[in-house]
1. For residue 203 and residue 404 in one chain, what is 0.36 nm times their gap in residues minus the Cα-Cα distance, to one decimal in nm?
2. What's the longest piece of the chain with no exposed GluC sites (Glu not before Pro), counting a site as exposed if DSSP puts it in a loop and it has at most 11 other beta carbons within 10 Å?
3. Quick check: from the Cα gyration tensor, does segment 125-198 come out rounded (a/c under 1.5), prolate or oblate?
4. Does anyone have the angle between helix 325-338 and the longest principal axis of the chain? Alpha-carbon axes, 0 to 90°, nearest 10?
5. For segment 270-416, what's the relative contact order in percent, using C-alpha pairs closer than 8 Å and at least 6 residues apart?
6. Which of the trypsin sites (Lys or Arg not before Pro) found in segment 289-397 are loop residues per DSSP with 14 or fewer other Cβ atoms within 10 Å of their Cβ?
7. Compute the acute angle (0 to 90°) between the alpha-carbon long axis of helix 15-26 and the principal axis of greatest extent of the alpha-carbon atoms of the chain; round to the nearest 10°.
8. Which aspartates and glutamates, on any chain, are close to residue 229 with Cα under 14 Å apart, when same-chain ones fewer than 8 places away are left out?
Amino acid sequence: MQPRKNDVIIIGGGVIGVSVAYYAADLGASVLVIEKNHIGAGSSCGNAGLLVPSHCNPLPTPGVVARGIRYLFNPEGPFYIHFRADLELVRWLWRFYRFCNAKHFYHCVGIFSKMGRESLQLHRQLADLGGHRYQFRQDGMLNLYITDQAFQEAREDVVRVKSCGEHSVILDADEARELEPAAGVRVVGGILNKIDGCIDPLEFVKWLAEKAREKGVRFLVDTEVFWLKTDRRRVSKVVTTRGDFEAGQVVLATGAWLPLLAAELEAKIPIEAAKGYSMTFAKTPGAPQIPLILEEARVAVTPFADALRLAGTLELSGLDLAIGRRRLKAIESETYRYLPKLGGLEIREIWRGLRPCTPDGLPVIGRLRPWSNVFVAGGHATKGMSLGPVTGKYLSQMLAGESIGMLERSLSPNRF
């Protein structure tokens, strides 16, 4: 039987893969998305759903190593490395360390500032088509602090990183509590990022997939890709548990599993999986009204229409989806330090997912050399929901043979 043909095959049905499908179809391509679970599974499902163009910092920053070492000795801290006999992890950590400098920091800030603004504009355009379906809102996000040192450092960041702090307002303790009455007496101040917003992440991805279907995109779920058949320097067939497919171009968008798929093509993409957790509760009186970041605890708090979600932790533990009960307990107990009025929360869902992290903090978007028809989109760490639309836009332009300019080199999967 002859394999079925498509202009573009996208492997991975999370926010990145669906965004690429939507914008590629918008340019007239016939697109097939192959997903081993359901659309929106993985990191796109239970994350905080924050849209944070104000968050321009990469993971590797000056001073982050010293802070991270302190966390390593706290089994309930927001950061953890599961050391294991894995040479790739050692290489990733060494690269990460080398990128923790001021020059690279400001290089990333410029890139994330540009991508964040463009992606927010695309989010707004999409919201005009149906944002009520996935609870799109853009009424700001409040960062809360309970230590003077962290608050002082944050104020300095707002001044130093002007491109991302231009929409930020520094609030003293009383002003922060006036804006968000759920904040407790320990709060010493806050920073309101007026441009930020949030969405229900799973509902957004499902809605965007519907819109992509309207443009002719086909989705094949519960289907696993187990072989990429090659012919010279191109992938000739995508072999799956439900048959073979031919494509003019292939996009790898499998998140934390991206290195495994790239290895099929004898390529190395240094992405480490960083486990994150969330707990979703029934909404109660006194719950926060706007999205929050509890800064020292590194916990995100997202209020939905009838639910409240707490999300946090960055755990480098490989492709391990085991649930750490101490981590969950720490997220909840830390939340009460900032929001003591919360009480009697009724749990609805416990979730964990693997965020794909590169050692330099920037995503990988572009063609994978030496293959002539293979492209990669991933490595967004905690910014996937924010940058999904702009990633889809950029990669769809590349698939059409267009350039995205100076960003192309910085985001290339071949830069390592």
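1. Value of the extension gain: 69.4 nm.
2. Between exposed loop sites, the widest span is 1-265.
3. In terms of gyration-tensor shape, oblate.
4. Between helix and principal axis, roughly 50 degrees.
5. 25
6. Within segment 289-397, the qualifying trypsin sites (Lys or Arg not before Pro) (loop, at most 14 other Cβ atoms within 10 Å) are 341.
7. For 15-26 against the chain, the angle is about 50 degrees.
8. 244, 246, 264, 266
Since every read-out is calculated from the coordinates, none of them should be taken as a lab result. Owing to the predicted nature of the structure, the values given are computational and were not obtained by experimental measurement. Methodologically, a virtual Cβ is constructed for each residue, glycine included, from the backbone with ideal geometry; neighbour enumeration extends over all protein chains shown.
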